[in-house]
């Protein structure tokens with residue numbers, strides 16, 4: 001990784017890895033508990049990791065896309081759930097930073113920027129996953145009151161967040177609004193055990209005549225799907241791509257170490273042709289994923305018109321190869337690979353979820369194919 005970075009970026013990455021090393025023994029316990037401990041959340045706040053990507057003038061870290069990407073890579077090495085905490089917080093908070101009212105940027109943004117309040121983003125519904133045009137949660141005016149009704153599911157850190165950015169329909173147009181977790185009319189229910197992201201406190205949010213103030217609405221009517229969702233998803237896809245690269249590093253390191261140390265049929269596993277093939281493909285795909293992630297980050301920092309394509313490509317490739325190679329790493333480690341408390345089993349479970357988050361593999365293919373075909377025609 002370090003050979004791809006400037007000296008400053010390399011030092012930044014090394015410092016993150018050193019600080020995060022203290023948590024490497026905790027993810028199994030977090031998964032078993034179904035949530036991150038308050039201790040690690042407080043630590044992330046103290047280290048200014050929560051809010052790192054938000055504007056410095058609002059109290060955030062003001063980190064550029066490369067430095068933020070390296071944060072997701074480093075946290076991904078520890079736990080996909082831990083990385084997801086920082087990701088969903090930034091997804092919601094960046095929308096407020098970019099499109100919030102002056103009042104929201106003055107009152108809501110500072111505690112999000114310094115991490116004293118945790119934000120989550122509420123898009124998915126029982127009938128609406130990747131197709132967000134199917135959102136049914138509504139915001140209606142009745143007798144001069146704004147009432148929120150509907151249901152959101154699989155909300156990452158829904159069980160621990162302090163405030164939610166909720167995407168809704170108002171008079172047939174998409175919009176978003178901010179709702180505190182203790183707001184009357186909002187019921188939060190844990191989703192229970194899931195295949196992956198077990199420590200991400202996934203929850204169901206039910207809104208029943210939940211009255212909100214007009215000042216809680218973010219952006220104009222119609223902005224929801226057209227402007228706010230793309231902004232949030234671009235950050236999320238960039239983050240997930242880097243998370244996947246960090247997770248792939250972990251399973252590759254585990255598989256490589258096992259292949260060097262374990263003997264079978266009179267010789268080390270690394271001398272067996274089939275294992276050599278698996279290790280080689282893991283290593284080269286990891287290198288390729290890092291290149292794609294870094295290209296996406298640099299495009300975002302440069303304001304490149306191709307930045308969205310770079311982000312989509314990075315998320316598509318990194319998550320796809322992570323899913324493939326985490327399964328192969330379990331195979332290489334054999335009985336050791338299937339232990340629930342082990343890194344390979346955890347990454348294997350989490351990898352599948354990452355191919356669904358922020359756009360499934362198939363949705364990304366649908367988005368990328370026309371873009372790539374037109375670019376090829378232009379000779380790009």
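The values are calculated or read from the model by the stated rules, or taken from the named source; none is laboratory data. Everything numeric in this text was worked out from a predicted model, so none of it was measured. Don't worry about glycine lacking a Cβ; one is built from the backbone with ideal geometry, like all the others, and counts go over all protein chains shown.
General observations
Results for (1) crowded, with 24+ Cβ neighbours inside 10 Å; (2) at pLDDT below 95, shown as yes or no for each residue.
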| residue | (1), (2) |
| --- | --- |
| 34 | no, yes |
| 38 | no, no |
| 42 | no, no |
| 64 | no, no |
| 69 | yes, no |
| 76 | yes, no |
| 88 | yes, no |
| 92 | yes, no |
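- Checked against the criterion of being loosely packed, with under 14 Cβ neighbours inside 10 Å and modelled with pLDDT under 95, the candidates 306, 376 yield just one match: 376.
- Within region 217-228, not a single residue is over 30 Å from residue 367 (Cα atoms) and either part of a helix (DSSP H, G or I) or in the same structural domain as residue 315 (by TED's automatic domain parsing) (or both).
- Meets criteria (touching a strand residue (DSSP E or B) at 6+ places or on another chain (Cβ under 8 Å) and either under 30 Å from residue 229 (Cβ atoms) or modelled with pLDDT under 95 (or both)) for residue 357: no
- Which listed residue is within 19 Å of the chain's Cα centre (by Cα), over 22 Å from residue 343 (Cα atoms) and either in a helix (DSSP H, G or I) or not assigned by TED's automatic domain parsing to the domain that holds residue 65 (or both), from 322, 292: 292
- Residue check for residue 174: modelled with pLDDT under 95, part of a loop (DSSP other than H, G, I, E, B) and in the same structural domain as residue 212 (by TED's automatic domain parsing): no
- Each residue in region 104-136 was checked for being over 21 Å from the mean Cα position of the chain (by Cα) and either within 29 Å of residue 47 (Cβ to Cβ) or modelled with pLDDT of 95 or more (or both), and 6 pass.
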